[in-house]
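For reference, the structure discussed in these notes is given below.
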């Protein structure tokens, strides 16, 4: 039986790209964006390891984003930043757990 798991995603406090996290083993993936911030974030994923594509629309406010795609790596790109501290947490069900 799959086990729920969650962990923080790296979100830069400036325009830039956070470190990628391996999410390949998870199903029913969701990212929660939270914090007080004036910024635009874009979730990005890849199977190839270096060719990232956007997942869902850009995010400008706290909320939850479903990640329906099968991907190996997930990261957060900050495309615009004015102030604050955006944060993100990933949650999914670990397929390897029994």
- Note on the structure: With criteria (1) surrounded by 12 or more Cβ atoms within 10 Å (Cβ to Cβ); (2) at pLDDT 95 or above, residue 69 comes up short on (2)
- State all residues of the stretch 1-24 that are touching a strand residue (DSSP E or B) at 6+ places or on another chain (Cβ under 6 Å), in a loop (DSSP other than H, G, I, E, B) and loosely packed, with under 15 Cβ neighbours inside 10 Å; if no residue qualifies, say none. 14, 15
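Yes or no, residue by residue, for (1) closer than 22 Å to residue 2 by Cβ; (2) not in a strand (DSSP E or B):
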position: 48; (1), (2): no, yes
position: 54; (1), (2): no, no
position: 61; (1), (2): no, yes
position: 66; (1), (2): yes, no
position: 91; (1), (2): yes, no
- Task: Would you point out the residue of the stretch 39-58, among those that are over 12 Å from the mean Cα position of the chain (by Cα) and buried (at least 19 other Cβ atoms within 10 Å of the Cβ), that is nearest to residue 82 (Cα to Cα)?
- Result: 39
- Pairs under 9 Å by beta carbon, first residue in contact (Cβ under 8 Å) with a residue 24 or more places away in the chain and at positive phi in the stretch 66-84, partner surrounded by fewer than 19 Cβ atoms within 10 Å (Cβ to Cβ) and not in a strand (DSSP E or B), six or more apart or different chains? 84/13; 84/35; 84/36
- Message: I'd like to verify a number: residues in the stretch 25-38 that are over 8 Å from the mean Cα position of the chain (by Cα), closer than 18 Å to residue 5 by Cβ and crowded, with 16+ Cβ neighbours inside 10 Å, how many?
- Response: 2
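Which members of the stretch 71-89 meet the condition of being over 13 Å from the mean Cα position of the chain (by Cα) and either within 19 Å of residue 5 (Cβ to Cβ) or assigned to a strand (DSSP E or B) (or both)?
79, 80, 81, 82, 83, 84
The values are calculated or read from the model by the stated rules, or taken from the named source; none is laboratory data. On a predicted model such as this, the values are computed, not experimentally measured, just so you know. Neighbour counts are summed over all protein chains in view; Cβ atoms, including those assigned to glycine, are modelled from backbone coordinates with ideal geometry.
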